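See below for the structure under consideration.
The values are calculated or read from the model by the stated rules, or taken from the named source; none is laboratory data. Quantities reported herein were computed from a predicted structural model and do not represent experimental measurements. Glycine gets a Cβ as well: all are built from the backbone with ideal geometry, and neighbour counts include every protein chain shown. Surface areas here come from the heavy atoms of the whole protein model, side chains and all, with no ligands, DNA or RNA. Shrake-Rupley method; radii C 1.70, N 1.55, O 1.52, S 1.80 Å.
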Amino acid sequence: MRRLTVLLLALAMLAGLTACGMEPADPNTAQESIQVIAMDTVMTFSIYGEKSTHAVYAAEDEVRRLEGLLSRTDPESDVSRLNAAPAGEAVTVSEDTRSLLEMARFYAMMTEGAFDCTLAPVSSAWGFTEESFRVPSRTELDGLLQHVGWEKFQLPEGQNLTASHDEGVEIDLGGIAKGYVTDVIAGILEENHVPRATISLGGNVLVWGDRPDGTPWRVGIQDPARADAADGYAGFLSLTDAFAVTSGSYQRYFEEDGQRYHHIIDPATGCPADSGLTSVTVVEKRERDANSNILGSGTECDALSTALFVMGEEKALEFWRTERESRQMSFDLVLVTEDGRVVVTDGIADVFTPDETSGYAYETVS
Ligand code: AMP
Ligand code: MG
C-alpha cells in the first residue's frame, strides 16, 4: 500500500481565478492553480500575481525536466544511465544532477551517513522501487550493504559534469529530489516577482509571501496515526516565505504478517528505520540576507527530514542544537513520536498550533 498525500496544506483557498474581463488582473488576487502528477507525487501549485499563469507553467516544465533527469525508473535519466554504467566509468550528467549529487554527498557527511543516496539496491530489495514488496533476508541485506556508502561514488574535480561509482553501487535521489525542485520553483517565483504562492509536492511544501488578507499561510502537519483522514492533523504551522518538509513512516509502506515496513531505510541495518519517530518535519525560512545570498533551502530540509527520521528523537535534537550553535544550518523541527508526543523546537513554537483533538502530548524544546 502506498500513500501519496502527506503534508497537507490547510489553506483557505480563494476561489478567485485570474480575471478574464476587461479590467487588469489585481496582482494580489490574480491566481493560477494547477495540479501536476510527477515524481510519484500529486503536486499543487497555486500562484498569485500578474505573472501567475506564466509562473505555474514554468514550474510544471521544470518539474518534468528534473523528473527526466533524476528518475530511477526512466532508463534515459541521468540517474539510470549512471547506475547502469560499469564501475569507474565517468558518465556525463547535467548540471542539476551533478550539483544534487554534490549536495547528497554533503548531507551524507553532515549526518554521518544517516542520509545516504546509495541505498538504491536496498530499497529495491524491499520492493519500494518496483512496488513488488517483500522482506529480504538478513544475508541478502548484508550483501547489499557492502555496496552502500556515500564514499562509493565519485564526483571528479575538474570534470564538473561527470560522476562515477564503485562496483555494485546505485544512486537514488528520492530522499532529496523534491526538495531540490522546490528550490528551483522558488527561483521561478522570484524571477517573476510573484507576490504570494503555495507549492505543495506531497510532503514538500513551499509557502511564498503571505495570504491575500496579510496573514500567514497555514500548513497542516499530517497526523501519522490518522493518515487516512483528510482532516487528521498533529498540528499547524503559520508560515510565510518558508519550506516545510515532512518525512514519515506512514507515507509509503507495506504490511506482511502483521508487521509494517516503511520506505525510509536505516543505512546501518538496511531495514526500515525503527527510531521511535513516526514523522519529522523540517522548517526553514526562505529569504535573502543583506548580501543577497539565499538563506533556507528546500533541498536541505528534504535531506534533513529523511536523515533525522533515521536518527530518532534524541540524536535529531542533538543535531539541531549543534547546528544552531555552529550556525551552519538554521532549521526547526516538529517530531511526532511513536509514544504519542509532538516535540517542537523553540524557533517555531510561536507559530505552531496544536490540534487539541489529536490526543498528543505537546512539548517545546530548546
Ligand atoms: P523522504 O520522503 O524525503 O524521506 O525520502 C524517502 C525516499 O528516499 C525513499 O523512498 C527512498 O527513495 C530514499 N531513501 C530511503 N532511505 C533513505 C536514507 N536513509 N537516505 C537517503 N534516502 C533514502
Ligand atoms: Mg527527504
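A few notes on this one:
- Residue check, T246 at pLDDT 95 or above, touching a Gly at 6+ places or on another chain (Cβ under 9 Å) and within 16 Å of ligand 2 (Cβ to nearest atom): yes
To keep it simple, each residue is scored yes or no on (1) open to solvent by 70 Å² or more (accessible area, probe 1.4 Å); (2) among the acidic types (D, E); (3) at pLDDT below 90.
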position	(1), (2), (3)
V6	no, no, yes
L14	yes, no, yes
T18	no, no, yes
G21	no, no, yes
D26	yes, yes, yes
V42	no, no, no
H54	yes, no, no
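- Scope segment 209-225; condition without any contact (Cβ under 8 Å) to a residue 24 or more places away in the chain and either on the phi < 0 side of the Ramachandran plot or touching a Pro at 6+ places or on another chain (Cβ under 6 Å) (or both); matching residues: D213, T215
- Count of segment 90-128 residues, restricted to those that are among the charged types (D, E, K, R), closer than 20 Å to Q146 by Cβ and either touching a strand residue (DSSP E or B) at 6+ places or on another chain (Cβ under 7 Å) or more than 10 Å from ligand 1 (Cβ to nearest atom) (or both), is 2.
- Residue list for segment 222-246, restricted to those being assigned to a strand (DSSP E or B), of a type in the set (G, A, S) and open to solvent by 10 Å² or more (accessible area, probe 1.4 Å): S238
- Selection within segment 303-323 - touching a helix residue (DSSP H, G or I) at 6+ places or on another chain (Cβ under 7 Å), open to solvent by 10 Å² or more (accessible area, probe 1.4 Å) and within 20 Å of P272 (Cα to Cα): M311
- For V280: the one exception among (1) under 23 Å from T129 (Cα atoms); (2) surrounded by fewer than 24 Cβ atoms within 10 Å (Cβ to Cβ); (3) within 16 Å of ligand 1 (Cβ to nearest atom): (2)
- Flag for T345 being out of contact with any strand residue (DSSP E or B) (no Cβ under 8 Å at 6 or more places or on another chain), modelled with pLDDT of 95 or more and among the polar types (S, T, N, Q): no
- Residue within segment 331-352 that is touching a residue at least 40 places away in the same chain (Cβ under 8 Å) and of a type in the set (K, R) present: no
- Residues satisfying the stated conditions in segment 339-366, i.e. open to solvent by 20 Å² or more (accessible area, probe 1.4 Å) and closer than 13 Å to T278 by Cβ: D339, G340, R341, S358, Y360
- Residue check for E255: more than 16 Å from ligand 2 (Cβ to nearest atom), assigned to a strand (DSSP E or B) and in contact (Cβ under 8 Å) with a residue 12 or more places away in the chain: yes
- Cβ-Cβ contacts under 7 Å between residues 6 or more apart (or on different chains), taken from a first residue in segment 115-136 that is part of a loop (DSSP other than H, G, I, E, B) to a second residue that is within 16 Å of ligand 2 (Cβ to nearest atom) and among the basic types (K, R), are listed as F128/R252; T129/R72.
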